[in-house]
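Let me begin by presenting the structure, written as structure tokens, before commenting on it.
Each reported figure results from applying straightforward, stated rules to the coordinates on display, with no laboratory input. Quick caveat, the model's predicted, so the values are computed rather than measured. A quick note on method: Cβ atoms are made from the backbone with ideal geometry, for glycine too, and the neighbour counts reach across all protein chains shown.
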Amino acid sequence: MRTAEKEAEVKGEISPELRKKIFAENVTISSLWRHFETQAEKTAQKKRHDIAVRIAEERKIPLSEAKALLVSDPKSLPERKRFVAPETVREVIAHLSRQWWNSSRRELQNEYQCQMIPGDRDVDKIIRYATAVEKQLSRAHDRLERLQRRRSGERIPPPVSVHLMQ
């Protein structure tokens with residue numbers, strides 16, 4: 001892409017061979033190329049003054065004449081093409097960068113979430129601790145219930161512990 005950008009700055013266009021190579025590497029770019037060119041044209045419209053200054057300097061003409069040239073037939077001017085073509089490539093590079101960034105961010109989030117899942121040993125520990133806590137809570141609940149019945153005056157038989165053997 002950097003080669004294409006340099007070529008576009010010098011010639012005002014990208015050679016068909018290089019364009020074919022870019023499209024072969026990323027099919028999405030070929031379908032979006034027209035969109036990138038449109039974005040570059042919009043940027044050129046916003047930066048008309050800068051392009052006019054470039055024309056005036058390169059052709060050694062007054063700035064007013066350069067601006068008049070841009071109004072009469074802007075797309076035929078090589079200086080404008082040398083602005084739009086590299087800007088198109090920059091739009092493609094920005095698009096690819098955003099794609100790469102989003103993909104990398106998703107991969108990192110996925111990796112982080114995978115690391116958050118505990119391993120087998122950790123899951124076994126959690127289950128053992130949960131079981132122990134549940135038993136303690138059940139005993140405490142039984143004790144509380146017995147104490148409340150005793151306070152209300154009920155006669156409470158001693159607790160019965162039953163162990164089943166297989």
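In a fully extended conformation the segment linking Arg143 and Thr28 would gain 34.4 nm over its present Cα-Cα distance, using 0.36 nm per residue.
For the chain, the convex hull spanned by the alpha carbon atoms encloses 269 Å³ per residue.
Checking every one of the GluC sites (Glu not before Pro) in region 120-166 against DSSP loop status and a limit of 11 other Cβ atoms within 10 Å picks out Glu154. Shown for region 44-128: lysine pairs separated by 8 or more places, or found on different chains, whose C-alpha atoms are under 24 Å apart, numbering 12. Look at Ser31, Ser15 and count the other Cβ atoms within 10 Å of each Cβ; fewest to most, that gives Ser31, Ser15. Report the Cα centroid-to-centroid distance between region 117-139 and region 1-73 in angstrom, as an integer. Answer, in whole Å: 66. Between Gln109, Asn26, Pro86, the Cα set farthest toward the positive side of the dipole of the chain (charges on each charged residue's Cβ, about the Cα centre) is that of Gln109. With a 10 Å cut-off between alpha carbons and a GNM built on the chain, which of Asp122, Asp142, Asp50 moves the most? Taking springs between Cα atoms under 10 Å, the residue moving most is Asp142. As a proxy for reagent exposure, ranking Leu32, Leu69, Leu108 by other Cβ atoms within 10 Å from fewest up yields Leu108, Leu32, Leu69. Summing Lys and Arg as +1 and Asp and Glu as -1 over all other residues whose Cβ lies under 13 Å from the Cβ of Asp50 gives a net charge of +3. In this calculation the C-beta distance from Asp120 to Trp100 is compared with R0 = 41 Å, giving a FRET efficiency of 0.70.
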